[in-house]
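To keep things clear, I will list the structure first and then write my remarks on it.
The values are calculated or read from the model by the stated rules, or taken from the named source; none is laboratory data. The structure displayed is predicted, hence computed values, not measured ones. Note that each Cβ is placed from the backbone with ideal geometry, even for glycine, and that neighbours are counted across all protein chains shown. Quick note on the areas: whole protein, heavy atoms, side chains included, nothing else; ligands and nucleic acids left out. Shrake-Rupley method; radii C 1.70, N 1.55, O 1.52, S 1.80 Å.
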Amino acid sequence: MAALRIIVPAIAAAVAAAPPALATEAAMRHAKGPFDVATKPIEQDKAEGSTLGRFSLDKTYHGALDATGKGEMLTIGTEVPGSAAYVATERVVGTLDGKTGGFALVHRGSMRGKDMSMTIDIVPDSGSGALKGITGRLIITVIEGKHLYELEYALPGQ
């Protein structure tokens with residue numbers, strides 16, 4: 001019972017000292033717009049059952065994100081048309097809602113027929129300049145061949 005009297009006040013003090021989680025999280029902001037993308041094959045390795053590919057990525061973002069993106073993408077395609085997966089890393093440099101700096105993105109995606117899954121996150125601690133500390137996620141949609149992005153992000157202190 002004596003141990004309980006020591007532990008409970010210690011836990012209560014720690015909880016009281018810690019700021020509430022919601023109070024420390026920055027409000028999420030949104031930036032949207034079109035972007036242009038060019039891919040160039042660097043390497044391809046065909047074998048039974050799958051094809052490995054490596055591509056360079058060059059992007060130009062327009063709108064609230066006025067920036068360039070440069071990266072590399074690794075792909076794997078199967079013998080079944082429409083089944084594939086990719087991973088990519090991308091460095092983005094420019095202006096986001098008037099703030100100049102850069103950040104990195106990590107992409108993961110797969111598809112099987114019409115079923116597609118894609119996640120693109122801002123790499124933790126990759127922000128620079130006025131974008132230092134940025135966190136968030138990028139969503140890409142393609143409508144009638146036009147690439148669009150929506151960036152959901154937060155910056156410390158905002």
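Here are a few things to note about the model shown:
- Among the residues of the stretch 98-113, those that are touching a strand residue (DSSP E or B) at 6+ places or on another chain (Cβ under 9 Å) and open to solvent by 30 Å² or more (accessible area, probe 1.4 Å) comprise Lys99, Thr100, Val106, Arg108, Ser110, Met111, Arg112, Gly113.
- Tallying residues that are closer than 17 Å to Leu57 by Cα and either assigned to a loop (DSSP other than H, G, I, E, B) or not hydrophobic (A, V, I, L, M, F, W, C) (or both) within the stretch 91-116 yields 6.
- Note on the stretch 135-158: residues that are in contact with a Leu (Cβ under 9 Å, 6 or more places away or on another chain) and either farther than 19 Å from Ala67 by Cβ or part of a strand (DSSP E or B) (or both) total 13.
- Hits in the stretch 58-82 (condition: buried (at least 16 other Cβ atoms within 10 Å of the Cβ) and among the basic types (Lys, Arg)): Lys59
- Within the stretch 117-134, tally of residues that are assigned to a strand (DSSP E or B), under 22 Å from Met73 (Cα atoms) and either touching a residue at least 24 places away in the same chain (Cβ under 8 Å) or among the charged types (D, E, K, R) (or both): 2
Listed here are the residues, each with its yes/no results for (1) modelled with pLDDT under 95; (2) open to solvent by less than 60 Å² (accessible area, probe 1.4 Å).
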residue	(1), (2)
Ala47	yes, no
Phe55	no, yes
Ala84	no, yes
Asp115	yes, no
Ser126	no, yes
Thr135	no, no
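- Qualifying residue in the stretch 65-74 (condition: out of contact with any helix residue (DSSP H, G or I) (no Cβ under 9 Å at 6 or more places or on another chain) and not in a strand (DSSP E or B)): no
- Test: residue in the stretch 23-37 that is at pLDDT below 50 and open to solvent by 60 Å² or more (accessible area, probe 1.4 Å): yes
- Residue check for Leu57: under 19 Å from Met28 (Cα atoms), aliphatic (A, V, I, L, M), touching a residue at least 24 places away in the same chain (Cβ under 8 Å) and part of a strand (DSSP E or B): no
- Among the criteria (1) hydrophobic (A, V, I, L, M, F, W, C); (2) outside any loop (DSSP other than H, G, I, E, B); (3) open to solvent by 70 Å² or more (accessible area, probe 1.4 Å), the one Ala88 does not fulfil is (3).
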